[in-house]
Amino acid sequence: MRRVGLVLLLGLATAVSLAFLLLPIVALFVHTTPGRLISQLSSDVVKDAFVVSLKTSLIAQLLIVGFGTPTAFVIATRRFPGRSLAVTLVELPLVLPPAVAGIGLLAAFGRMGLLGSELSALGISLPFTQSAVVVAVTFVASPLYVRAAIAAFEGVDPDLVAASRTLGVSPTRTFFRVVLPLARAGLAAGLALSFARGLGEFGATIMFAGSLQAVTQTLPLAIYSQFDLDFDTAVAMGAVLVLVSIVLLVSLRLLLSWQSSSSTRSSSRFGLSTSG
Amino acid sequence: MAELVLDEIVVPLRSFDLRLSLDVEGTVALVGPSGAGKSTILRVIAGLVKPRSGRVAVAGKTWFDSGRRVDLPVDERAVGFLFQDYALFPHMTVRQNIEFARQNKAERYLWQFHLDHLADARPAELSGGERQRVALARALARNPKVLLLDEPLAALDTHTKATVRRELHELLHELQIPTLFVTHDFEDAAALADRVGVLVEGSLRQFGQTSELVAQPADPFVASFTGANLLRGRVTGSSDGVARVRLPDGTVIATTGAAAGDVVVAVYPWDVTVSIVEPHDSALNVIAAPIDSITELGNRVRLAVGPLSAEITSESLRRLDLRVDQKVFASFKATGTRVLSSDV
């Protein structure tokens, strides 16, 4: 009898949890009919926000990959003083409240900020521009990529690198012929997570870049500005973000399962579980 | 002229300095316990580890010389390096692995190493023996001037090992490339190498042909590594060139070596005769004890009798009908012993 009770309790708890997670998602899609949902997406606010989000996200992810990949490679393969400090620094934005990140960015790059006078001497004013959105997204989303990249590079057997070198191949070509192909799936998984995080960025962006339509108003900011004016439009934008997130998550899982089947190394090193 | 010269190499390791001078012609094995610095030597030659000082030269060309500040990068040293776990590129096929160095087409090597049918397979699909053949093929396809093998047989199971050892022996014989390989298994060294160096805690204890190491081990470590029984005792007297050594349990051993004080007497298992009745022959030394264990090694059998390990054929085992716990007489001649000073 006791056993049956326990099974029921476990089943109930699981059902409640899953329903709780599912309900808001479902609500977004059943709020209106699909036809009206699509028509609401054609408003200028939505179009502008979509363009701003897409543009800033792409530039931010390019910066993250461009600077994050070498950084991760150095941290993963070199032993230098202060290395663990560097790892902590790379992960810091992950635990920092986004509002704090926004204030910090203002304090660093704002007109009165740490680098404010240097930047204005160069004729650059960052806050409340589209570049500020890029900076905020880069700051907040980069740890997800860099962490995964460090794990991916650490997962490449150093003997494989040594083997390539003994076969007469230079360090640079070894990176492109051995290291990168073996770390590729981990890097892509990190990028997917970083992209999802950047797309949903709200706190740091609103503090550092503001919410100006067609300039700095990304989809999450547009949802916030619309929800007391036009709730239906806000919901429609929410649905779009959910769809993008689902696509990212599914491709991430596919990547990770491909990674674990194509190489003998476990994918658990990416700090993500493929099971479940 | 030696093809591979290591001249006063010094590498600081965790608890000791590795110091080595060695000329390699033909096939040389470095044996010794784990952590003795064997693999480090291979990595020094390949340029993967930088020594504090010394000189490495191959075929007359200097690869490293601390005095003249020569230090060729890894990819400019023509080494064929066989890694312990073979380090095959998992994202490439067998053919792509072999052609990785882009110096030779794979065909010849696929044929030579019986890998034709596996050309398009990935390393994960191969058996241990096949991986070893791919790794060797890949190392040779880069036209090496020296071959470095790190525990080439350690990753293989016992059955595969015998076959691969035979193949490797033939290959090394044909190649005519100076080869240095490290192993912790003296039998592998004896089977494959022209000369064997025993490396313990970073220094070469003895270097010579296998037969020399067995006939004249430099110290108890080399003796035990070459497979000898070691009996510790104290010399109680000598007459007519025969010294008597008293073991801790009171047994007295006769040996032909000249020695005094605390000594170690080395006896090889194949010099020990086992009988079920007390022998009356020329053997001066008889140890009567029950058989502790019987271990089959192919067509040979190892018997543990008291402090001794004796090696007999499977046929003898059957003929004498020996069993564990049975009391037997293990005997060996005084001339079959080597006396070594015990201060090591």
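The values are calculated or read from the model by the stated rules, or taken from the named source; none is laboratory data. Since the structure is predicted, the reported quantities are computational estimates derived from the model, not experimental observations. Because the Cβ atoms are built from the backbone with ideal geometry, glycine has one as well, and the counts that use them run over all protein chains shown.
Go through (1) part of a helix (DSSP H, G or I); (2) within 30 Å of A:Met237 (Cβ to Cβ) for A:Leu89 and report which single condition fails. Condition not satisfied by A:Leu89: (2). If I filter the stretch B:44-61 down to residues being within 14 Å of another protein chain (Cβ to nearest Cβ) and small (Gly, Ala, Ser), which single residue comes out as nearest to B:Val146 (Cα to Cα)? Only one residue tops the list, namely B:Ala46. For the stretch B:309-343, filtering for residues that are of a type outside the set (Ser, Thr, Tyr) and closer than 30 Å to B:Thr236 by Cα leaves 14.
Evaluated against (1) more than 14 Å from chain B (Cβ to nearest Cβ); (2) at negative phi; (3) outside any helix (DSSP H, G or I), A:Val156 falls short on exactly one condition, (1).
For A:Val87, state whether it is farther than 30 Å from B:Ala78 by Cβ, more than 14 Å from chain B (Cβ to nearest Cβ) and without any contact (Cβ under 8 Å) to a residue 12 or more places away in the chain. Taking the combined requirement at face value, the residue does not satisfy it. Only residues that are over 31 Å from the mean Cα position of the chain (by Cα) and under 24 Å from B:Val214 (Cβ atoms) were counted across the stretch B:252-268, and they come to 0. Residues in the stretch A:194-203 include none that are more than 28 Å from A:Leu254 (Cβ to Cβ) and buried (at least 22 other Cβ atoms within 10 Å of the Cβ).
Condition test on A:Ala132, is it over 30 Å from B:Lys145 (Cβ atoms), aliphatic (A, V, I, L, M) and touching a Phe, Trp or Tyr at 6+ places or on another chain (Cβ under 6 Å)? So A:Ala132 passes the test. Across the stretch B:290-344, the number of residues qualifying as out of contact with any strand residue (DSSP E or B) (no Cβ under 7 Å at 6 or more places or on another chain) and part of a strand (DSSP E or B) comes to 2.
Does B:Glu125 satisfy the criteria of being within 15 Å of the chain's Cα centre (by Cα), within 14 Å of chain A (Cβ to nearest Cβ) and surrounded by fewer than 23 Cβ atoms within 10 Å (Cβ to Cβ)? No, not satisfied. Cβ-Cβ distances below 9 Å connect the following pairs, each with a first residue in the stretch B:62-76 that is within 12 Å of chain A (Cβ to nearest Cβ) and loosely packed, with under 14 Cβ neighbours inside 10 Å, a second residue that is part of a strand (DSSP E or B) and of a type in the set (A, V, I, L, M, F, W, C), and a separation of six or more residues or different chains: B:Glu76/B:Trp63.
Output the residues belonging to the stretch B:278-297 that are without any contact (Cβ under 8 Å) to a residue 40 or more places away in the chain and small (Gly, Ala, Ser).
B:Ser293
Under the condition of being closer than 20 Å to B:Ala218 by Cα and of a type in the set (Val, Ile, Thr), which residue from the stretch B:252-267 is modelled with the lowest pLDDT? This residue is B:Thr256. When every residue of the stretch B:154-176 is checked against the conditions, none turns out to be outside any loop (DSSP other than H, G, I, E, B) and either under 24 Å from A:Val178 (Cα atoms) or within 14 Å of another protein chain (Cβ to nearest Cβ) (or both). Taken together, the residues in the stretch B:118-153 that are part of a loop (DSSP other than H, G, I, E, B) and touching a residue at least 60 places away in the same chain (Cβ under 8 Å) amount to 6. Only a single criterion out of (1) more than 30 Å from the chain's Cα centre (by Cα); (2) at the interface with chain A (Cβ under 8 Å from one of its Cβ atoms) is not satisfied by B:Met92, namely (2).
Residues checked against (1) out of contact with any helix residue (DSSP H, G or I) (no Cβ under 9 Å at 6 or more places or on another chain); (2) modelled with pLDDT of 85 or more; (3) not charged (D, E, K, R):
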position	(1), (2), (3)
B:Pro217	no, yes, yes
B:Phe221	yes, yes, yes
B:Val235	yes, yes, yes
B:Asp240	yes, no, no
B:Leu247	yes, yes, yes
B:Gly250	yes, no, yes
